[in-house]
Amino acid sequence: MAEGQGDGDESEHSFIQEPLEPSDDQPDLRDDPLFREIVNLPGEAADDDQPRRTGEARTGLERREVVHGKRRNADYIRVQYSGRRQFRHTGGGTLEATPEALTPQSGPGRAWERMRRVLLGERLSSGELETERLTKVKALAILSSDAISSVAYATEASLSVLILAGAATLQINLILAGCIALLMVIVGTSYRQTIHAYPQGGGSYIVARENLGDLPGLIAAASLLIDYVLTVSVSVSAGVDALVSAVRPLMPYTVELGVLFIAIIMVINLRGVRESGSIFAAPSYLFIGVFLIMIVVGVIHAATLPGGLTTHMPAVKSPALGWGSEPISLLLILTAFASGCSAMTGVEAISNGVPLFKKPEPRNAARTLSWMIAILVTLFLGTSYLAWRLGVAPFSSGEPTVTSQIAETVFNGSFGWMYYVLQFATLLILVLAANTSFSGFPWLSSILARDGFLPHQFSARGGRLAFTTGIVVLTLLSTSLMVIFHGNTVALINLYAVGVFTAFTLSQTGLVVHWWRLRNTAGASHWRQSLAINLIGAIATGIVAIVITLTKFVHGAWIVVVLVPLFVLLFKAISRHYASARRQIAELPVSDQRRLRQIMVVPIAQFDRVAQRSIAYAQALADEVIVIHVATDSEDSAELRRAWNAWNAQQAAPDVGAGAGAADSGRVRSLPHSPPRLVVIDSPYRSLTGPLIAYVDALRDSHPEAVITVVLPEFVPAHWWERALHNQTALRLKLAFYTHPNVVVANVPYHLQ
């Protein structure tokens, strides 16, 4: 016996040929176990040494027939497969879908797929996930852009607070910058500990939840999610400020430009992590290079100025800059310190995304974090020093920015073109800094969804292996903030950093507990050193979190303080729902199919071929079929009854063509069925759906042991624009019965040519 295949017919038909009867010169193929397996006869299964044939035979996509060979004992089984382009047979009854299986069938669907392919690229298979991992060079560009770019506005944020007490107060900022730089080193060192302790990705949520419990973990998650949204809004609005500082005619369009930039970043991230890294690498390194050049040239320029290491007072007094006058106080200084701490947002992104790195993940992530902290400290201190030494003061309008003023002073003469290069690089890095959030927000959302605290859609990867739902939700939220705050960077910064320092504190506290628990385990010889590092980090970030909350509370930080508990309540509500659903599913009784009673209800508007086919389909599934007609017109009702009686009489008549030959063939068999019942409901108020829904509910109540299946015929038009002409009643019925227990809706489609 041999196996053959057809000519590649792609039809969806399938049939099973009747087995051959044995004869004197022909063996009985039904005794062959492989034959029994392929034609689905009861008995012994096929041998295990036929994995491909038996595996493919179980998929249901094959058309099989026994072919009589010309020679003696040459009969064989021919198997013809459907869906060859859409599926690959991998053995063991398993199919693997190909890209062809995802091709839409409708014209608008194919047009959308082509547009999606142009914007996002070809789909990536799950097996290509390993190739999407990041090198250290790309990871620094993607995961560090938020932290590094913050030097473009962090110095200005603290100066904008100090100048309220007069221009002379600006010299305090250099001391504040030194304290913030020290804090950067402490937090960076602490997060290196996090990377090695949680190589699978030790975000604040995971660390806090595992060591401190669900509530601290959810607080950390809520704080980070809010901070990610603010990061996008602040980064993009600051980038737009850099653009309009250089191109003043664009100033009235700051909001529109911000929304456009957010949309562009969304599309780039939907193309996948690796590709976004390739796109963002050049702007990130351009910004670092040009900013370092500005600092080096600026330091040399400052050394030539008179006064040695003293600051130059601003030539313009603070009232002329658009600021008021307040007395200097400890609260003012702490507020300036809190604003300057916005330079540290995004520091945790690398420890959150350790699994995104190429192997060995922890070592590559730790090295990237060290480079990020070094670059961040250098750029932040350099910018703060130049602003202090050159006597740069911020404007209340935000334009020109502090960075722009420093660049105009440093790059002059024949090097004036470097000013525009710096502004362009600042624009790029600030806009692309939002990409850190587009990496962190979807990743954290997917983890929360996996743990049951967010809808499960957040854990699903899209066609390019990106977490599409998280990316789209982040885009919508950050765009809303951009519009609500009119793209005002200073107003957005007042909401900033509260969440991130809360997450910092909880993460470091969680690691202190982690090291304490490991103190007596093997290989924990350095637990004291690790605990001390994270304890210092927890204390430092905790103090900063309190300072930021108190000093910025009345300026907008109260919004974050209110939102975090609301997010936590939302997480817990979603978790309770999923737990309740799992419990109810586990307790759901499974009916014995032998005792399961099914009543088919077939609503019809008129007794035509569509109604007859729907009734035949219902009779094939159940013995008890009720045909319902809701009558709004007496003449139509009488006509339907006449047609029904004629059809019923025809069905009851004996089959004239069923002779002895038909009986002998054994191929035509009819199952005994009770005749369907016609129920006519008069509707004097001309409502179609109301009486039908009420009847089905009453039928269910009178037969609680039965499942009521409503069979709805539905037309499938040839053109999409024809859909408005059909199925309106069917759509309303489907939506109405969706919430009714023990009622099933079955659609019977009829395709129009």
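For segment 134-579, the Cα-based Rg and Dmax, in that order, read 21.0, 71 Å. With θ taken as phi - 60° and the Karplus curve 6.51 cos²θ - 1.76 cosθ + 1.60 applied, the whole-hertz 3J(HN,Hα) list for segment 350-358 is 5, 5, 5, x, 4, x, 6, 7, 6 Hz, x standing for glycine and proline. Proximity of backbone amide H atoms, modeled 1.01 Å from N, is registered between V602 and I626, V627, I628, V711 at under 5 Å, excluding neighbours fewer than 5 places apart on the same chain. Percent of Cα pairs in segment 396-544 per distance bin of 5 Å, from zero to the largest separation: 2, 8, 10, 11, 12, 13, 14, 11, 9, 5, 3, 1, 0, 0.
Approximating the spin labels as points 7 Å out from Cα along Cα→Cβ, the S329-to-D214 distance works out to 4.3 nm.
Residues in segment 547-559 carry Karplus couplings, in order, of 4, 4, 5, 5, 6, 9, 4, 6, 9, x, 5, 4, 4 Hz; the curve used is 6.51 cos²θ - 1.76 cosθ + 1.60 with θ = phi - 60°, and Gly or Pro positions show x. Label point 7 Å out from T729 along Cα-to-Cβ: which residues of segment 593-635 have amide N under 17 Å? The answer is 601-615, 626-635, whose backbone nitrogens lie closer than 17 Å to the label point.
Taking amide H atoms as placed 1.01 Å from N in the peptide plane, the amide H of T94 has no partner under 5 Å among residues 5 or more positions away or on other chains. Projected over all directions and averaged, the alpha-carbon convex hull of segment 407-486 occupies 7.8 nm². Counting neighbouring beta carbons within 10 Å and listing from fewest to most, the residues H301, H89 come out as H301, H89. Segment 322-429 gives an Rg/Rh value of 1.07, both radii derived from C-alpha positions and Rh following Kirkwood. Taking amide H as placed 1.01 Å from N in the peptide plane, F87 has its amide H under 5 Å from the amide H of T98, each at least 5 places away in sequence or on another chain.
When each of R464, R576 is scored by the number of other beta-carbon atoms lying within 10 Å, the sequence from fewest to most is R576, R464.
Look at the Cα gyration tensor of segment 457-553: its axes a ≥ b ≥ c give a/c of at least 1.5 with a/b at or below b/c, and that counts as oblate. Considering segment 582-653 at the alpha-carbon level, its Rg and Dmax are found to be 17.2, 53 Å.
Calculated FRET efficiency, A698 to T632, Cβ-Cβ distance, R0 = 22 Å: about 0.65 to the nearest 0.05. Simple spin-label estimate for L596 and F553 gives 6.0 nm between the two label positions (7 Å along the Cα-to-Cβ direction from each Cα). Peptides 733-743, 618-628, ordered by how many other C-beta atoms sit within 10 Å of their residues on average, highest first, read 618-628, 733-743.
Ordering R271, R78 from the fewest to the most neighbouring beta carbons within 10 Å gives R78, R271.
FYI, it's all coordinate maths here, none of it is from the lab. Every value quoted in this text rests on a predicted model; they were computed, and no experiment measured them. We place every Cβ from the backbone using ideal geometry, glycine too, and count neighbours over all the protein chains shown.
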